[in-house]
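*Asks:* Right, I'll just put the structure down here and ask away after.
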Amino acid sequence: MRLFDTHCHITDERFDEDRADVIERMRAAGVERALLVGDGALEPQPAFALAEQYGWMYAATGVHPHDASRWGDEAWARIEKWMAHPKAAALGEIGLDYHYDLSPRDVQKQAFDEQLELAFRLDKPVILHIREAHGDATDMLAARWKAGRLPRGVMHCYTGSWESAKQYLAMGLYISFSGAVTFKNAPKLSEVAKNMPLDRLLVETDCPYMAPVPLRGQRNEPAFVAYTAKKVAALRDMDEDALALAALENGCRLFGIE
């Protein structure tokens, strides 16, 4: 399979001891492109440093909803600077997370909206992290869509319903599947994977989190994106190579990658 892991965190400290081996394994598994996601609340940005070393790697950064309390003028300037980097493929991950509420919800909303505005001004796609907040997220995104100020983007590690997915798709957004689609307790995701248009579908690992079946519970890594692609292909009754290629082409189109 020809694969694009559209969301991975291989600069995470959990890869410090074997990162070179992880990169070798992902290439052996057919991963042709990878989008490394960094933390826009911090400097330096190792995702960009690593992407500079490999022609097939790209980087993204943004202030995660967990860190929304750290959003402000300094973070805006930092992210705007990194978005000018030649390997910058997206702004994110950004959004709303009401599961942990590590930042107050009103603060999350402000950071989310202002980063959406920044991405729109810079013409950069966004990586959206929405957890247990689809109502507020849909309202915010729809308001921007109706006003013509919604950047293109992807619902990363999607775990919502088909009904919510249809709303996001109507706004031109992509849907990305992680290892969660392989879990036995994810019937909602199976419905989304079966029904959504092929030209809006992405796959990812979100590693080191969310390892797919049959590796659930292990540290996830980009090579494992093959399991997710195979599961989505099976759900759609598709050839797995064709599914992987479509997802690769979709990711390159969304993120402006050759």
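Rule-based calculations on the coordinates, nothing more; no lab input. Computed from a prediction, not measured in an experiment: that's the story for all the values here. Note that each Cβ is placed from the backbone with ideal geometry, even for glycine, and that neighbours are counted across all protein chains shown.
*Asks:* May I ask you to derive the relative contact order of the chain, considering only C-alpha pairs under 8 Å and at least 6 residues apart, and to give it as an integer percent?
*Replies:* Over the chain, the number comes to 20 percent.
*Asks:* Which of LEU173, ALA133, GLN108 sits closest to the plus end of the dipole of region 98-175, meaning its Cα is farthest towards the positive end, when Lys and Arg get +1 and Asp and Glu get -1 on the C-beta?
*Replies:* Of the listed residues, the answer is LEU173.
*Asks:* Related question: Dipole of region 116-258, Cα-centred, from +1 at each Lys and Arg C-beta and -1 at each Asp and Glu C-beta, to the nearest 20 debye? Numbers along the way, then the final one.
*Replies:* On the way: 18 positive and 17 negative charges, 57 e Å.
Here the size comes out at about 280 debye.
*Asks:* What's the extension gain from LYS81 to TYR100 if we count 0.36 nm per residue and subtract their Cα-Cα distance? It would help to have the intermediate numbers written out before the result.
*Replies:* Details: separation 19, 0.36 × 19 = 6.84 nm, distance 2.94 nm.
Value of the extension gain: 3.9 nm.
*Asks:* Still on this structure, please answer the following. Picking from LYS146, LYS109, LYS194, which is most flexible by a Gaussian network model of the chain using Cα springs under 10 Å?
*Replies:* LYS146
*Asks:* Compare the peptides 89-99, 18-28 by average per-residue count of other Cβ atoms within 10 angstrom and give them in order, highest first.
*Replies:* 89-99, 18-28
*Asks:* Let me ask something else about it. Note down the nm distance, to one decimal, between modelled labels 7 Å out along Cα→Cβ at GLU191 and at ASP18.
*Replies:* For GLU191 paired with ASP18, the spin-label model returns 3.9 nm.
*Asks:* Putting +1 on Lys and Arg Cβ atoms and -1 on Asp and Glu Cβ atoms, find which of ALA89, ALA147, PRO44 reaches farthest to the positive end of the dipole of region 1-149.
*Replies:* ALA147
*Asks:* Among the lysines, which fall within straight-line cross-link reach of LYS146, defined as a Cα-Cα distance under 21 Å, with same-chain neighbours fewer than 8 residues apart omitted?
*Replies:* By straight Cα distance, LYS146 reaches LYS109, LYS124, LYS166.
*Asks:* Give me the distance in nm between label points sitting 7 Å out from Cα along the Cα-to-Cβ direction at LYS184 and GLU74, one decimal.
*Replies:* Placing both labels 7 Å along Cα→Cβ, they lie 4.9 nm apart.
*Asks:* For region 3-57 and region 202-258, what is the separation of their Cα centres, given in Å?
*Replies:* Region 3-57 and region 202-258 have Cα centres separated by 15 Å.
*Asks:* Mean residue ellipticity at 222 nm from the helices of the chain, using -39,500 (n - 2.57) per DSSP H segment of n ≥ 4 over the full residue count, to the nearest 500 deg cm²/dmol? Walk me through the numbers before you get to the answer.
*Replies:* Details: 9 runs with 105 residues, N = 258.
Value at 222 nm, helices only, nearest 500: -12500 deg cm²/dmol.
*Asks:* Tally Lys and Arg at +1 and Asp and Glu at -1 over the other residues with C-beta under 12 Å from the C-beta of PHE15: what net charge comes out?
*Replies:* Around PHE15, the charge tally is -3.
*Asks:* Moving on to the next point. Would you be so kind as to identify which of ASN220, MET26, PHE120 lies farthest towards the positive end of the dipole of the chain, taking Lys and Arg as +1 and Asp and Glu as -1 on Cβ and the Cα centre as origin?
*Replies:* Of ASN220, MET26, PHE120, it is PHE120.
*Asks:* Right, next: So, R0 is 25 Å and r is the distance between the beta-carbons of VAL213 and ASP237; what FRET efficiency does that work out to, to 0.05?
*Replies:* It comes to 0.85.
*Asks:* Can you tell me how much longer the chain between GLN53 and LEU198 gets when fully stretched, taken as 0.36 nm per residue apart minus their C-alpha distance, in nm with one decimal?
*Replies:* Fully extending the segment from GLN53 to LEU198 adds 49.0 nm.
*Asks:* If you don't mind, another one. Using the Cα centre as the reference, give the magnitude of the dipole from point charges on the C-beta atoms of the chain (Lys, Arg: +1; Asp, Glu: -1; all else neutral), rounded to the nearest 20 debye.
*Replies:* Dipole magnitude for the chain comes out near 700 debye.
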